[in-house]
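Accompanying notes for the structure given below.
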There are 4 protein chains.
Amino acid sequence: MARGALVLGVGAKSGLGGALCERFAREGLETFAAGRTKAKVDMARAFETVEKVTGAPPELVVYNAGNMAAGPLTTMTDAFFEDAWRVCAFGAFLCGREAARRMAPAGSGTLIFTGATSSLRSRPPFIAFAAAKAAERAVAHGLAREFGPKGLHVAHVIVDGVIDGELVNSRMPQIKQSLGADGMLDIAALADAYWMLHSQQRSAWTLELDLRPYKETF
Amino acid sequence: MARGALVLGVGAKSGLGGALCERFAREGLETFAAGRTKAKVDMARAFETVEKVTGAPPELVVYNAGNMAAGPLTTMTDAFFEDAWRVCAFGAFLCGREAARRMAPAGSGTLIFTGATSSLRSRPPFIAFAAAKAAERAVAHGLAREFGPKGLHVAHVIVDGVIDGELVNSRMPQIKQSLGADGMLDIAALADAYWMLHSQQRSAWTLELDLRPYKETF
Amino acid sequence: MARGALVLGVGAKSGLGGALCERFAREGLETFAAGRTKAKVDMARAFETVEKVTGAPPELVVYNAGNMAAGPLTTMTDAFFEDAWRVCAFGAFLCGREAARRMAPAGSGTLIFTGATSSLRSRPPFIAFAAAKAAERAVAHGLAREFGPKGLHVAHVIVDGVIDGELVNSRMPQIKQSLGADGMLDIAALADAYWMLHSQQRSAWTLELDLRPYKETF
Amino acid sequence: MARGALVLGVGAKSGLGGALCERFAREGLETFAAGRTKAKVDMARAFETVEKVTGAPPELVVYNAGNMAAGPLTTMTDAFFEDAWRVCAFGAFLCGREAARRMAPAGSGTLIFTGATSSLRSRPPFIAFAAAKAAERAVAHGLAREFGPKGLHVAHVIVDGVIDGELVNSRMPQIKQSLGADGMLDIAALADAYWMLHSQQRSAWTLELDLRPYKETF
């Protein structure tokens, strides 16, 4: 029976989601990827696909959605605010509920949520994003308290800095030049950290892990 | 020209919302109340009503919605999770945006959000509520950072304890007996604190105020 | 029998300590002031003086010591680091223990500690100060948890900004000019906040109060 | 030239300090241990010893002191409160300053502080310990902000739970029985986490790592 991993919120091939898939596969997990799944049916299907192919629920799931939604508040539309929530928080809930239903009964497994600086601090122009990420973090913490004692490792990663390789926008080459070679978060190093969380034995689990480049101010 | 106040999320007459209305009216503000307004149109109308009657935007607005949504995660419906968010977080956004549009240009005014213990800590069976309140808090903090320097006082009150007078459920009489006379939050004392926030001069504003009965463990 | 107040850590007459004394006296309390009291004997004597004159322990005590100790770490002396701790944290402990012994048995009274931005965040060149203020905050929070349920109101005020009237240094006039009239914390407004904390009824107490000028970034 | 590690605050052989020494040695570092060093001279000597033997400053230093000082506040002696500070906070300062002087100029290296639940939350009967650990955490965070950008990785580990193998007291066998096989923190798992922190590349550093057994409530 194969051991499965599921990475949700995989965007551009060059991003963190892709690097996680590659890393988990290299570790011998049958790895499945899905884009942002904001709907109930998609989430169940994603977990079911893993189960069908591997014969068991995934042992490692990462909810990696985010959109860095930014904009001035006074002209922000309802849809913009709601969409940030739907991607980060509602999706996290759907993923967490599915993991609680399918993974927790087995008494083992890892569920990791990708957070951001905004998960902890709400600053303009990122109010919608911060509200969504704060909600996602609450989902992660609540899940950890409820399902940790049942053997499901829930972790929340605070990604604090610019991720190298993610095409945030066209200014990236300039940003990279100004920050220097390791002034941005290396996606392979991020993937190492996620894998480390999955590798922790349950006698010493981490709930919240912050990751930032050495030059990053905070 | 009258000075106006607007209290949103007024539920049972005996609750905090009602006490706030009474208190603001006693202080001489023309006070308007509205229930939970989760829709764009309702929120604009609520602010407009104040403007029509008093000739100016409200000088004090309280967003006081909450539902203490509780339940086990594995059987929680999508609608349940979304509704908690819509009441606490989306409504807070709508209210904040309206205040930003109408009150901030005047360079003064107060906007207060009612938070809860769950705003800071996500614990089962309150995951949906905690996710919604964490998002609401992020809205409040982001607004404070963006509009505080423009003269709009944004505050977030952490109500930590059982509010006396709010008919939470039928077990209240027993709870009251076990906690004792001032082991619950007195709504008049809460109203004092909200009024105090509005009375602060802008040289020394409070962003976050926690209020709990002296016996409350935390 | 007179009601007494005790303000510890009163420095320059123009500072917060002086303003607190003035305000408490105006409210009818027999008010006593003392400088930084880092020694056991001084602290006991300060409380005893109040008791001798008024016939009872003080009903309101403020521990208001701080030195904003700043300097580069590599050349910081042992004495410098220790002195910051002795002023802020050890003095707070002495004050708290004295209050616990003398005020808590009466089942009422207020004990307020003056904190700072550095109480929550440690940034160079304020590492020694931040370490001292973080320790002081822990003293305040521990006292609140232990003696709050016994009727002693313990509060911690986060003073976040430059206090107008405190002669921080010779650059103050320029700072004042750049921040504007109410870009600094008004000491009368601060004194209002301390008095408000003392006035709270025990059904709705505040543990931590942040105060900052509307223009302050945070 | 050998690569050196220094572990400060090594207590019982069976404790975390001993396990760290063993682990670092196994990874090929020439590892040195010292007990709690509360004095300036001891700290300098400890670092110098490493330099003399290996020809370079240590590349990895752990400040691992703590005493879980517990007691009722009203009868707590000055010496008791001060000693907790001296062990946890003053020692951390001495260690951090020495690392800043000797390791930071090389532009690399890792400095890890062992924190505790009390680093974040002050609860009786641990007020003295909490004040000391909060100060130590402020030292760690301040160092991270000052010396991280210079290439020194500063991290703070929140050890949240009972460490298996540390002889806290005679009730340990009963505690162990009630918590179960992995209801306590395994020291080898803790040592893994410290080594992982040292292994992180500087493009993605962790400042604060929490570690707790899966059954631990928090």
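We did not get these values from a lab; they are worked out from the coordinates using the rules stated. Quick caveat, the model's predicted, so the values are computed rather than measured. Cβ placement follows ideal geometry from the backbone for every residue including glycine, while neighbour counts extend to all protein chains displayed.
Looking at the protein assembly as shown, the DSSP beta bridges with both ends there are about 5 percent antiparallel.
For C:LEU185, the residues 5 or more places off, or on other chains, whose built amide H falls under 5 Å of its own are C:VAL162, C:ILE163, C:ASP164.
Taking a ≥ b ≥ c as the square roots of the eigenvalues of the alpha carbon gyration tensor, the protein assembly as shown is oblate, as a/c is not under 1.5 and a/b does not beat b/c.
Summarising the amide proton neighbourhood of A:ILE158: residues at separation of 5 or more, or on other chains, whose placed amide H is nearer than 5 Å comprise A:GLY115, A:LEU209, A:ASP210, A:LEU211.
Rounded, prolate or oblate: which fits chain D, taking a ≥ b ≥ c as square roots of the Cα gyration tensor eigenvalues, rounded meaning a/c under 1.5, else prolate when a/b beats b/c? It is prolate, given that a/c is not under 1.5 and a/b is the larger ratio.
For the pair B:ASN67 and B:THR217, label points projected 7 Å from Cα toward Cβ lie 3.0 nm apart. Each residue of the range C:115-130 was assigned a 3J(HN,Hα) from its phi angle through the Karplus curve 6.51 cos²θ - 1.76 cosθ + 1.60 (θ = phi - 60°); the sequence is x, 8, 3, 5, 5, 9, 9, 9, 10, x, x, 9, 4, 5, 5, 5 Hz, with glycine and proline shown as x. With helices as the sole contributors, chain B gives -12500 deg cm²/dmol at 222 nm; each DSSP H run of n ≥ 4 counts as -39500 (n - 2.57), and the sum is divided by every residue.
The angle separating the long axis of helix B:187-199 from the principal Cα axis of greatest extent in chain B is about 30 degrees. Which one of A:VAL162, A:VAL87, A:VAL62 has the biggest mean-square fluctuation once chain A is modelled by GNM with Cα springs under 10 Å? Answer for the Gaussian network model of chain A: A:VAL162. Net charge near C:PHE47, counting Lys/Arg +1 and Asp/Glu -1 over other residues with Cβ under 9 Å of its Cβ? Local charge sum for C:PHE47: 0. Proximity of backbone amide H atoms, modeled 1.01 Å from N, is registered between A:ALA33 and A:VAL7 at under 5 Å, excluding neighbours fewer than 5 places apart on the same chain.
For peptide C:84-97, the mean count of partner chain Cβ atoms within 10 Å of a residue's Cβ comes to 4. Going by alpha carbons, how many degrees (0 to 90, nearest 10) lie between the helix axis of B:91-102 and the longest principal axis of chain B? Computed tilt is about 10 degrees. Between C:ILE175 and C:VAL41, the FRET efficiency from the beta-carbon distance, with R0 = 41 Å, is close to 0.60. Between copies, the label points of D:ALA2, set 7 Å from Cα on the Cα→Cβ line, lie 4.9, 7.0, 8.4 nm apart, reported in increasing order to one decimal in nanometres.
Assuming charge only on the beta carbon of Lys and Arg (+1) and of Asp and Glu (-1), the dipole of the protein assembly as shown about its Cα centre is about 0 debye to the nearest 20.
When both the range A:49-126 and the range B:160-218 are represented by their alpha-carbon centers, they are found 33 Å apart. Seen through its C-alpha gyration tensor, with square-root eigenvalues sorted a ≥ b ≥ c, the range C:118-218 comes out oblate because a/c lies at 1.5 or above while a/b is not bigger than b/c.
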